[in-house]
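This report concerns only the one structure given below.
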Amino acid sequence: MKRSQILSSKTVNARDHEFHVGKETVALYGAAVHYWRLEHNLWDVILERVRAIGFTTISIYIPWEVHEIERGSFDFGKIDPSKDIDEFLTLCEQKGFNIVVRPGPQINSELTWFGYPRRVLEDPELQALNGQGTKAVLTQVPRPIPALCYAADKFYDETALWYDAICPILAKHAHPNGRLIAAQVDNEMAFFFHVNAYASDYNPASIGRYRAFLKDKYGGIAALNKVYGEAWSSFDQIEPPRRFEGEGKESIPFYTDWITYRERYLIDSMDRLADMMRKRGLAEIPLFHNYPHPLGPGGAVSGFTTPFNLMELEEKLDFVGFDCYSRKELYDHVKTIISYVVGTSRYPYMPEFIAGVWPWYLNPGDLGDEEFVTKVGLMQGIKGFSRYTLVERDRWLDSPVRRDGRVREDHAEMFRRANEMAKSHGFTAFKRQADVLLMANRDYDRLEAASVLVSFPGDFLETPSGFSEYPSFMTVSEGSLGFREPIQLAKADWFASFYRSLTENGTAFLLSDTALDPARWKRFKVLVLSSFEYMNGALQRDLVDFARTGGVVAIGPQIPRLGDTMQKDDTIQSALQRAARQPLGEAGAELGTVFTLGKGRIVHLVALGKMAEALKAAVKGVEVVSFCRNDPRIDVTIHRSEKDSKRVIAFVANPTADPIPAEVTFDFDMKSVREIWDNRDVPVNGRKVNEQMKPYTVKVYECTL
């Protein structure tokens, strides 16, 4: 049964951007506290410090590696009091905290073995393999470790020993018995950061599951042979690609099926672990997962979908988030991550949200970065987070609370103000306003991932070369593969142009990708996405249906004629051939063409260099949430209360190193405006607000209409 079908039956659930415990809507403003790293006699005082900063939730990693004495034997406090997780959970409950637990099996947490017992990592049967058939190794501090194969049944047999020990303790505290209200399944599952398509996992168990995936997709070998242009007699003959050697469009499905399988690998792994947790007493609380941030070093704004598939994973788990560590200079990085989660997840939660830093981070930033990124997170629409990590410990620096209980008052004050602002002004009751959805096209992200030519291994450090395990224009094939241009490169140009142009136009938009259930499109009036010569057939049909029922679909630069298997599929083209058409905007065909379908329209955009003008013309006549400002560097988001239509929270950001005298004009009249971070009234002139914006600042305005 899909998770969405059983959410309503639970007393604790996450849905519609809200987290419910019984009849109460709660905010998961959480702080990570690592009990086993702290002196037992300091637990009480440290939790008091955390509560004084305004946190209502404690997020707790529980490491298999730390608790296991030998295989099947564990210490939960009898030997070392600091390992008494039952006592720590009880203490959290006594102090009124809600609790989120993260029992792995993988937790990272800057532990040497990532939370696994060393014996598990050293078992050859459990090790993931790279494309050359050798161990896939993650470079990390203090020493490299082998990546594990989550396709091997033996891995789950070993994990069952850990779950058999820890889950009964957790079940004692799970709501309604206690205040444990959510649990994370594993941690940052991304092939141990081997995101590169050919870096992992070629373990025989994984190859077996890959073949089963192909059989499930195609049904029979004849259907696969037709798409691949092969003559195999059995699925057992098929070997996965170990490097990209594609030369034409006909070769694409062979490679992109491997990419799609890698998404399925992660989903099936988390589903299996979640089922194990539910069977051991955690069936009545939400289970979630945290993907690592999907954008790579530098904060690019495209190529962020595969191997992550948030939508499909949320059919197995209750909600899924992305972790976020960033500096103030990477505003678009933070905006993209969080806008994507807000536009996609049923509960926009940041499972790890910047607080302090790991010692080997080359450019860690400072408290000013943490304040700016905190405000940007709230600005983009997150509804819950875990501050990783609020209490300092080994291998983590500059946290608000020191491991001996002392407090860095300047740090604590910033976090306290953020918590107080969000709680006292009821941020959980506000929804970010956007009528436009910018969609990354997963078809083309898969092609980009498949066509990478340089196979970087997983690397938890910032490499001296500056290259990343994520594909980029520096590492991806420039071959056109029989198309007008290399789609795997051009798609990033089009996505970035859409992103910049919507921002420049002052159009409020959210992000998602083409795996999003079309039923979720209904909350938007306009969809914007790239389209080249091929596109998934079901997606083509859904886009046509969206337009016919009154929506606007803006696509470009091509009208697809093929499906994603490179077989003929001209669903959109056929619909447009029968539609009335007219040139887009005053510039005519230079910008594109508008096709009227039913109650709506499909707009074919062709002018990459005039995208802002083209998108403005494309949405003309559609009432969308928007704003005007005197300087295009200023960014704005608008949030409306679900309970009181007269209340609006507006965020105005200066994400640059320059001071800007800002004038922002909203599309609604305001009686009064108050900046609620600094608690001061702001002069308002009808719809206009003027503010002198210092570098890297965010103003938070509560507006009364």
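What helices in the chain pass both tests, a Cα length along the helix axis of 24 Å or more and a mean Kyte hydropathy of -1.0 or higher, using whole DSSP H runs? Don't skip to the end; give the middle numbers.
Details: long enough: 153-173 (29 Å, -0.17); 252-277 (38 Å, -0.32); 487-504 (25 Å, -0.02).
The qualifying helices are 153-173, 252-277, 487-504.
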Do the alpha carbons of any pairs in LYS328/LYS620; LYS525/LYS599; LYS83/LYS383 sit beyond 23 Å of each other, and which pairs? LYS328/LYS620; LYS83/LYS383
Along the Cα→Cβ direction, 7 angstrom out, place labels at ARG500 and ILE69. What is the inter-label distance in nm? 6.3
Distance between Cα centroids, the range 544-590 to the range 624-640: provide it in whole Å. 29
Near LYS154, within a Cβ-to-Cβ distance under 15 Å, what is the net charge of the other residues, with Lys and Arg +1 and Asp and Glu -1? -3
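Just to confirm a number: summing +1 for Lys and Arg and -1 for Asp and Glu over residues other than PRO117 whose beta-carbon lies under 12 angstrom from that of PRO117, what do you get? Please list the in-between numbers first.
On the way: positive: ARG71, ARG118, ARG119; negative: GLU65, GLU68, GLU70, GLU122, ASP123, GLU158.
Charge balance near PRO117 sits at -3.
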Around TYR202, which amide H atoms from residues at least 5 apart in sequence, or from another chain, sit under 5 Å from its own amide H, with H modelled in the peptide plane? LEU129, ASN130
Rounded if a/c is under 1.5, else prolate if a/b is larger than b/c, else oblate: which is the range 627-704, with a ≥ b ≥ c the root eigenvalues of its Cα gyration tensor? prolate
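Could you line up MET474, MET566, MET379 from fewest to most neighbouring Cβ atoms inside 10 Å? Walk me through the numbers on the way to the answer.
On the way: MET474 11, MET566 21, MET379 25.
Placing the least packed residue first, the sequence is MET474, MET566, MET379.
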Listed by chain and number, the residues whose amide H is under 5 Å from that of VAL12, excluding neighbours fewer than 5 places away on the same chain and using placed H, are GLY22
Amide H within-cut-off set for PHE509, under 5 Å, with H built and near neighbours excluded: none
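Tell me, in nm to one decimal, what length is gained between THR139 and ASP631 on full extension, where the rule is 0.36 nm per residue of separation less the Cα-Cα distance?
Working: separation 492, 0.36 × 492 = 177.12 nm, distance 4.33 nm.
Value of the extension gain: 172.8 nm.
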Relative packing of peptides 115-126, 670-681 - highest average C-beta neighbours within 10 Å first: 115-126, 670-681
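Could you work out [θ]222 nm for the chain from helices alone, using -39500 (n - 2.57) per DSSP H run of at least four and dividing by all its residues? Round to the nearest 500 deg cm²/dmol.
Using -39500 (n - 2.57) per qualifying helix, the result is -9000 deg cm²/dmol.
Could you work out how much longer the chain between LYS154 and ARG119 gets when fully extended? Use 0.36 nm per residue separation minus the Cα distance between them, nm to one decimal. Display every interim value, and only then the final one.
Details: separation 35, 0.36 × 35 = 12.60 nm, distance 1.30 nm.
Stretched out fully, the LYS154 to ARG119 stretch lengthens by 11.3 nm.
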Report the one residue of PHE483, GLY600, ALA617 whose Cα lies farthest in the direction of the positive end of the charge dipole of the range 436-618 (charges on C-beta: Lys and Arg +1, Asp and Glu -1; origin at the Cα centre). GLY600
Put +1 on the Cβ of every Lys and Arg and -1 on every Asp and Glu Cβ in the chain; which of PRO142, VAL12, PHE415 then has its Cα farthest towards the positive end of the dipole? VAL12
Mind checking the full-extension length gain between ASP80 and THR25? Use 0.36 nm per residue of separation minus the Cα-Cα distance, one decimal, nm. 16.0 nm
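Relative contact order for the chain: what percent, with Cα pairs under 8 Å and sequence separation of 6 or more?
On the way: 1507 pairs, mean separation 85.0, N = 705.
About 12 percent, as a whole number.
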Cα-centre dipole for the range 436-618 with unit charges at Cβ (Lys and Arg positive, Asp and Glu negative), debye to 20: 1020
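For a Förster distance of 35 Å, can you work out the FRET efficiency between the beta-carbons of HIS40 and TRP360, rounded to the nearest 0.05? Mind dumping the intermediate values first?
On the way: r = 29 Å, r/R0 = 0.82.
Plugging the Cβ-Cβ distance into 1/(1 + (r/R0)^6) gives 0.75.
Sort 225-233, 20-28 for me by packing, meaning the mean count of neighbouring Cβ atoms within 10 Å per residue, highest on top. Show your work: numbers first, answer last.
Numbers: 225-233: 13.4, 20-28: 15.0.
The densest-packed peptide leads the list: 20-28, 225-233.
Once you have a ≥ b ≥ c as the square roots of the Cα gyration tensor eigenvalues for the range 436-618, tell me rounded if a/c is under 1.5, and otherwise prolate or oblate according to whether a/b is larger than b/c.
Numbers: a/c = 1.82, a/b = 1.60, b/c = 1.14.
Note, shape of the range 436-618 comes out prolate.
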Overall form of the chain per C-alpha gyration tensor (a/c, 1.5; a/b vs b/c): oblate
Of the residues PHE191, ALA222, ASN203, the Cα lying farthest along the dipole of the range 170-228 towards its positive end, which is defined by charges on the beta carbon of Lys, Arg, Asp and Glu, belongs to ALA222
Describe numerically, in nm with one decimal, the distance between label points set 7 Å from Cα along Cα→Cβ at ARG242 and at PHE668. 6.0
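If I take every Cα pair under 8 Å that is 6 or more residues apart in the range 65-221, average their sequence separation and divide by the length, what percent do I get for the relative contact order?
Values: 202 pairs, mean separation 42.7, N = 157.
Answer for the range 65-221 is 27 percent.
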So if I place +1 on the C-beta of Lys and Arg and -1 on the C-beta of Asp and Glu, and nothing else carries charge, what would the dipole magnitude of the chain be about its Cα centre? I want it in debye, nearest 20. 1980
Taking the Cβ of LEU126 as the center, what net charge do the other residues with Cβ under 14 Å away carry, scoring Lys and Arg +1 and Asp and Glu -1? -2
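Quick note: the coordinates plus some simple rules give every number you see, no bench work behind them. These numbers come from a predicted model, not from an experiment. Quick reminder, even Gly has a Cβ in these numbers, built from the backbone with ideal geometry, and neighbours come from all protein chains shown.
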